[in-house]
Structure formats: C-alpha cells, structure tokens
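Enquirer: My questions all concern the structure below.
Values in this text are rule-based calculations from the coordinates and carry no lab data. Worth saying up front: this structure is predicted, and the values here are computed from it rather than measured. Glycine also receives a Cβ, built like all others from the backbone with ideal geometry; neighbour counts cover every protein chain displayed.
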Amino acid sequence: MTGAFTGMLRLFFGTDRMNFSVKTTHPLVASPERFYRRFSRAAEEVVDARIILGIHFRSADVEARRLGERVAHWAYRDILERVKDRHHHHDR
C-alpha cells in the first residue's frame, strides 16, 4: 500500500520532493507526527519499521514496495491520465 500511495503522489505532483507530515491518533505512539521531505523516504521508513517489528524479511518488503510503485504507474497511466485528458478537452 505504501509503495502505491507514495508512487501515486510522486506521479501526481511530478516530484519526489515534498514537505509533508503524517499523524497518528494511537495513544501509545511517542511521536504522533512524522515529518518528511520526500515521498520515497516515507516509503523507506515503512519498510524499515516492518523489519524492526519482525513482520517480514527486508527482501519481501522491498519487493512489495516495488510492486506498489508499478501499480501506481499503471493506474496513473491507464486511468488518471485518461480522465485528465477528457477533462482537459471539455475545458476548451
């Protein structure tokens, strides 16, 4: 999910560089807000967190992130660009 989400944001904004934050409402989290300067850094951090928590091996998480990024490229190219083109033609 993170690979697809951050991949789509990179495509939408046309850059990996973006200042943003992510918040949680979980009461046991010491730092409820995380700040980032790149979408890719947030995705890397999710992979690292899953390894530290013992959820997966790194290779599985890295490959899942790549798969998510491929899904984002497909969805952007085959769906969102078509919608954008149709919308653009209606504005003329």
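Enquirer: Could you tally the net charge around PHE39, taking each other residue with its Cβ under 14 Å from the Cβ of PHE39, Lys/Arg +1 and Asp/Glu -1?
Expert: On the way: positive: ARG10, ARG17, ARG34, ARG37, ARG38, ARG41, ARG65; negative: ASP16, GLU44, GLU45, GLU69.
Result for the neighbourhood of PHE39: +3.
Enquirer: Using Cα pairs under 8 angstrom and six or more residues apart, how large is the relative contact order of the chain, in percent?
Expert: 39 percent
Enquirer: Here's another thing I want to ask about it. Between ALA30, ALA75, ALA43, find the one with the highest GNM mean-square fluctuation for the chain; connect C-alpha pairs within less than 10 Å.
Expert: ALA30
Enquirer: Okay, next question. Provide the gained length on full extension for the span LEU80 to THR25, in nm with one decimal, where the gain is 0.36 nm per separating residue minus the Cα-Cα distance.
Expert: Here the answer is 16.7 nm.
Enquirer: If you don't mind, there's one more thing I want to ask. Given only helices, namely DSSP H runs of n ≥ 4 each adding -39500 (n - 2.57), what is the per-residue ellipticity at 222 nm of the chain, to the nearest 500 deg cm²/dmol?
Expert: -19000 deg cm²/dmol
Enquirer: With each pseudo-label sitting 7 Å past Cα toward Cβ, what's the HIS73-ARG41 distance in nm, one decimal?
Expert: Between HIS73 and ARG41, the simple spin-label model gives 2.4 nm.
Enquirer: If you don't mind, another one. Give the residue list of chymotrypsin sites (Phe, Trp or Tyr not before Pro) in region 1-82 that are DSSP loop and have at most 11 other beta-carbon atoms within 10 angstrom. Display every interim value, and only then the final one.
Expert: Details: sites: PHE5, PHE12, PHE13, PHE20, PHE35, TYR36, PHE39, PHE57, TRP74, TYR76; in loops: PHE57.
Sparse-neighbourhood loop chymotrypsin sites (Phe, Trp or Tyr not before Pro): PHE57.
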